[in-house]
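The values are calculated or read from the model by the stated rules, or taken from the named source; none is laboratory data. Quantities reported herein were computed from a predicted structural model and do not represent experimental measurements. Cβ placement follows ideal geometry from the backbone for every residue including glycine, while neighbour counts extend to all protein chains displayed. The area values use the complete protein model at the heavy-atom level, side chains included, leaving out ligands, DNA and RNA. Shrake-Rupley method; radii C 1.70, N 1.55, O 1.52, S 1.80 Å.
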Amino acid sequence: MRLPESVGLLVDIVAVPSPTGHEEDAARMLADRLPRFGWETSHLDGAGSVIATRGNGDKELVLLSHIDTVPGGPKLFVNEERIEGRGSVDAKSPCCALAVGGGAVEVPEDWRITFVAAVGEEIDSRGARFRMPLHEPAALVVGEPTGSNGVALSYRGRILFSFIAEDSGAHRSGSPGPMSDTVLAAASMMQITENMGKGYSIAIMEMEGHEAGKRSASITMDLRTPIGAQQDELELRLRETAAAFGVGLKVIEYVPPHEVHKSDPVIRAFRTAIRDVTGEPPRVLAKQGTCDFNVLSTWGCPMGAFGPGDSKYDHSSNEQIEIKEFLRGVEVVKGALPKIMAAIA
């Protein structure tokens, strides 16, 4: 079975496991292969992310996706129609589409293109956060699965927090204890979230409890927030809930929701390129997750998210992508990037 070189790149990267915290082998493979696709420099940065560059102009277009995956997933399977394996959708297909497309387009004299395959996106976005002070881009494309006929202009935010409690020990018949208290606080917060309106959702991420004389408990929760959510109001609700059940609160991370307008130059360029490549009306998406798109919104530049692959397969036991879908995504990237650079003076 003979596959195009771009598809071979994706197959080889999917074949190398890269769960968060263990990305080095896949990152080094990708860095070594990028010069074949037109990139002038390629290396790993201090966080372990892959960095590649083309051009020397003053204006920078950043193409950023992530190379880490969640653990597990199906074994690698490849035939002439599809690739199955962990990361084949989230986000090695978008990552490779940006790498291949970004290496193929012409770079105007006043531009340079930087490609980033970031580590750590699935947990703490440490790869993207490491890059934040190192760039002042004129535009940003984030590689996430939107389908080759879609482009995303918004992602929800999130608050990651824990309810925690402990005591020196007591009989359960007289005192339900920290484990019961944190469970009740978590249940209350889930009920509160149900009544907060459209765009809010919450899930328990991790639970831990111990009773050995001293008793302790911790429940970590992931509260997703829509455009317009206010951090101070949300944290007040969390503090009030914790106080009502006599437990402590630890806010681990706050990531704001972010949205750009459909007339944003990046969104507009992808909409046009999708029409040109697929012949279909482009889908403009408001995504329900949270990703490096939110983290990097502080750059304040035109931005959008694009990548081949159906997000219904994200993190699933049958994660897969059709080869023709990946190749369409590469062509959309090739069509969109020149339009972005032409639109930004």
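Restricting to strands (runs of 3 or more DSSP E) lying wholly in segment 193-298: which have 3 or more residues that are among the basic types (K, R)?
Once the strands (runs of 3 or more DSSP E) in segment 193-298 are filtered for at least 3 residues that are among the basic types (K, R), what remains is 214-225.
Consider segment 4-18. How many of its residues are open to solvent by 50 Å² or more (accessible area, probe 1.4 Å) and not in a helix (DSSP H, G or I)?
2
Kindly evaluate A99 against the criterion of being at pLDDT 95 or above, in contact with a Phe, Trp or Tyr (Cβ under 8 Å, 6 or more places away or on another chain) and open to solvent by less than 50 Å² (accessible area, probe 1.4 Å).
Against the criterion (at pLDDT 95 or above, in contact with a Phe, Trp or Tyr (Cβ under 8 Å, 6 or more places away or on another chain) and open to solvent by less than 50 Å² (accessible area, probe 1.4 Å)), A99 qualifies.
Restricted to segment 241-270, and to residues that are open to solvent by less than 50 Å² (accessible area, probe 1.4 Å), touching a helix residue (DSSP H, G or I) at 6+ places or on another chain (Cβ under 7 Å) and of a type in the set (V, I, T), which residue is modelled with the lowest pLDDT?
V255
Just to be sure, is L98 outside any loop (DSSP other than H, G, I, E, B), of a type in the set (A, V, I, L, M) and farther than 21 Å from L327 by Cα?
Answer is no for this residue.
Assess whether A345 counts as being over 16 Å from the mean Cα position of the chain (by Cα), in a helix (DSSP H, G or I) and of a type outside the set (K, R).
When the stated conditions are applied, A345 does not pass them.
V295: touching a Cys at 6+ places or on another chain (Cβ under 9 Å), open to solvent by less than 30 Å² (accessible area, probe 1.4 Å), of a type outside the set (F, W, Y) and in contact (Cβ under 8 Å) with a residue 12 or more places away in the chain, yes or no?
no
Among residues belonging to segment 206-222 that are hydrophobic (A, V, I, L, M, F, W, C) and modelled with pLDDT of 95 or more, point out the one that is surrounded by the fewest Cβ atoms within 10 Å (Cβ to Cβ).
Residue satisfying both the conditions and the ranking: M207.
Tell me whether segment 174-192 contains one or more residues that are open to solvent by less than 40 Å² (accessible area, probe 1.4 Å), under 20 Å from P256 (Cα atoms) and not aliphatic (A, V, I, L, M).
Within segment 174-192, not a single residue is open to solvent by less than 40 Å² (accessible area, probe 1.4 Å), under 20 Å from P256 (Cα atoms) and not aliphatic (A, V, I, L, M).
List every residue pair whose Cβ atoms lie under 7 Å apart, where the two residues are 6 or more positions apart in sequence or sit on different chains, the first residue falls within segment 99-125 and is on the phi < 0 side of the Ramachandran plot, and the second residue, located anywhere, is acidic (D, E) and buried (at least 23 other Cβ atoms within 10 Å of the Cβ).
Close Cβ pairs satisfying both conditions: A118/D292; V119/E23; V119/D68; E121/D68; E121/D292; E122/D68.
Return only the number of the condition from (1) assigned to a loop (DSSP other than H, G, I, E, B); (2) touching a Phe, Trp or Tyr at 6+ places or on another chain (Cβ under 9 Å) that G21 does not satisfy.
The one condition G21 does not meet is (2).
Please specify each residue of segment 37-80 satisfying the condition of being surrounded by 16 or more Cβ atoms within 10 Å (Cβ to Cβ) and free of Cβ contacts under 8 Å to residues at least 24 places away in the same chain.
S42, L44, listed by residue number.
From G87, G120, G143, G127, which residue is within 19 Å of the chain's Cα centre (by Cα) and surrounded by fewer than 24 Cβ atoms within 10 Å (Cβ to Cβ)?
G120
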